[in-house]
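Participant: I have a structure here, written as structure tokens, and I will follow up with some questions on it.
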Amino acid sequence: MSDDEVKNPEKPGRRYFLETVTGVVAGAGVCGAAWPFISSMNPSTDVLAKSTAEVDLGDIAVGEAKTVEWQGKPVFILHRTPEQIAEVRKSVDTKDPTPDEQRVQKPEWLVVVGLCTHLGCVPSRKDKGWFCPCHGSVYDNSGRILSGPAPKNLILPEYEFLTENRILIGKKEG
Ligand code: FES
């Protein structure tokens, strides 16, 4: 705590101000970084033509998340721990309440489009879910919106399990 804060604890000191400004600038920086990421993922013709993405889940350890690209968008795949599953199944007290059971095909695997439903930034991974640095939306480990301006849960892409450890995201043609 600075001298200013010790003398007047009611009034946040310079350090608080600097921390806040730094946080906002950092958030803007991350958000700014998110757009080039999206932009670099703007689908070229051959990517657009590829409407599906096959993903090997074998290298995603329990508790780890992986981001893959599908149709020019990031898709988050989370290999959930038993604790994370229990946590998201405890309550559906969220802004856009949907039971976790309706958001996954297998309890241990969450597959969601990694774009914030507010303005489309790419949220960052946190222990309890994802945090969007652009305007502070918080999502749980089911991809459900908990707080912040995002109106909806992270979108669920269409996918199917090809084998125990392999999924196909998108719709098979033909
Ligand atoms: S774009 Fe995510 S909170 Fe605004």
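The values are calculated or read from the model by the stated rules, or taken from the named source; none is laboratory data. Owing to the predicted nature of the structure, the values given are computational and were not obtained by experimental measurement. Here Cβ is always computed from backbone atoms with ideal geometry, including for glycine, and neighbour counts include all displayed protein chains. Areas reflect the complete protein model, heavy atoms only, side chains present, ligands, DNA and RNA absent. Shrake-Rupley method; radii C 1.70, N 1.55, O 1.52, S 1.80 Å.
Participant: Give the residues of region 80-117 that are acidic (Asp, Glu), outside any loop (DSSP other than H, G, I, E, B) and free of Cβ contacts under 8 Å to residues at least 40 places away in the same chain, sorted by residue number.
Facilitator: Keep residues of region 80-117 that are acidic (Asp, Glu), which gives 83, 87, 93, 96, 100-101, 108.
Remaining after also requiring outside any loop (DSSP other than H, G, I, E, B): 83, 87, 100-101.
Those that are acidic (Asp, Glu), outside any loop (DSSP other than H, G, I, E, B) and free of Cβ contacts under 8 Å to residues at least 40 places away in the same chain: Glu83, Glu101.
Participant: Considering only residues that are part of a loop (DSSP other than H, G, I, E, B) and touching a Pro at 6+ places or on another chain (Cβ under 7 Å), look in region 59-79 and name the one that is surrounded by the fewest Cβ atoms within 10 Å (Cβ to Cβ). Give the derivation first.
Facilitator: Keep residues of region 59-79 that are part of a loop (DSSP other than H, G, I, E, B), which gives 59-64, 71-72.
With the extra rule that they be touching a Pro at 6+ places or on another chain (Cβ under 7 Å), the set shrinks to 71-72.
On the way: Gln71: 17, Gly72: 15.
This residue is Gly72.
Participant: Read through the list (1) open to solvent by less than 40 Å² (accessible area, probe 1.4 Å); (2) among the hydroxyl-bearing types (Ser, Thr, Tyr); (3) within 12 Å of the ligand (Cβ to nearest atom), then give the number of the only condition that Thr94 fails.
Facilitator: (3)
Participant: Sticking with this structure for a sec: Can you pull out every residue in region 60-94 that is closer than 12 Å to Arg144 by Cα and under 16 Å from the mean Cα position of the chain (by Cα)?
Facilitator: Selection gives Val88, Thr94.
Participant: Another question about this same structure. Which of the residues spanning region 134-151 are free of Cβ contacts under 8 Å to residues at least 60 places away in the same chain and either outside the structural domain of Gly63 (by TED's automatic domain parsing) or more than 11 Å from the ligand (Cβ to nearest atom) (or both)?
Facilitator: Asp140, Ser142, Arg144, Leu146
Per-residue answers, yes or no, for (1) on the phi > 0 side of the Ramachandran plot; (2) touching a Lys or Arg at 6+ places or on another chain (Cβ under 8 Å); (3) at pLDDT below 95:
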position: Ser2; (1), (2), (3): no, yes, yes
position: Gly63; (1), (2), (3): yes, yes, no
position: Lys66; (1), (2), (3): no, no, no
position: Glu69; (1), (2), (3): no, no, no
position: Val75; (1), (2), (3): no, no, no
position: Pro82; (1), (2), (3): no, no, no
position: Lys90; (1), (2), (3): no, no, yes
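Participant: Anything in region 102-133 that is more than 10 Å from the ligand (Cβ to nearest atom) and in contact with a Pro (Cβ under 9 Å, 6 or more places away or on another chain)? List them, or say none.
Facilitator: Restricting attention to region 102-133, the residues satisfying the condition of being more than 10 Å from the ligand (Cβ to nearest atom) are 102-114, 124-129.
Listed by number, the residues that qualify are Pro107, Glu108, Val111, Val112, Val113, Gly114, Ser124, Gly129.
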